[in-house]
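Here is the structure we will look at.
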Amino acid sequence: MSAIIITKNTELMQRVIDEIKTCYDPEIPVDIWELGLIYELDLNDENELKITMTLTSPNCPVAESLPAEVENKLKLLQGIKSATLTLTFEPTWTKEMMSEVAQLELGFM
């Protein structure tokens, strides 16, 4: 599963994705984009960003800190007017949601 991306500003959205790729679950040596934890990115015409993400588990030790880190980094990204993150556990994250890059890195392929 890959993230749903809604935008007209592809250059700014690429910078958003690049910034997301600097965020890691500390227990897994792969960024959260490649892990498939980002479900949706919606950047409207006013450059207001809405992020929907999940965690590998509802009991994840970084359940409080990781979503806040992602939201705060994106709020500071030049060109972004605002960033709002929604955490969801539907659908439940599975290893199949990881990119091929992540699966190779973690030895699943």
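Throughout, read-outs are computed from the coordinates displayed, never taken from laboratory work. Keep in mind that what you see is a predicted model, and the values were worked out from it rather than measured. We place every Cβ from the backbone using ideal geometry, glycine too, and count neighbours over all the protein chains shown.
Which longest uninterrupted range of the chain lacks any GluC sites (Glu not before Pro) assigned by DSSP to a loop state (not H, G, I, E or B) and surrounded by at most 10 other Cβ atoms within 10 Å?
The longest such stretch corresponds to 65-109.
In percent, what relative contact order does the chain have, based on Cα pairs under 8 Å that are 6 or more apart in sequence?
That works out to 30 percent.
Please give the helix 10-20 orientation as an angle from the longest Cα principal axis of the chain, in degrees from 0 to 90, rounded to the nearest 10.
Relative to the chain, helix 10-20 is tipped by roughly 40 degrees.
Could you list the trypsin sites (Lys or Arg not before Pro) in the range 1-108 that lie in coil according to DSSP, counting only those with at most 15 other Cβ atoms within 10 Å of their Cβ?
Hits after loop and neighbour filter: Lys8, Lys21, Lys81.
What are the equivalent ellipsoid semi-axes of the range 4-99, built from the alpha-carbon gyration tensor (square roots of five times its eigenvalues), in whole angstrom, biggest first?
Each semi-axis is √(5λ); the values are 22, 13, 12 Å.
Taking the Cα-to-Cβ direction at Arg15 and at Ser99 and moving 7 Å from each Cα, how far apart do the two end points lie in nm?
So the label points at Arg15 and Ser99 sit 2.0 nm apart.
Go through the range 18-109 and name the chymotrypsin sites (Phe, Trp or Tyr not before Pro) that are in a DSSP coil and have 11 or fewer other Cβ atoms within 10 Å of their Cβ.
Phe89, Phe108
Using the alpha-carbon atoms, what tilt in degrees (0 to 90, nearest 10) does helix 65-75 show relative to the longest principal axis of the chain?
It works out to around 30 degrees.
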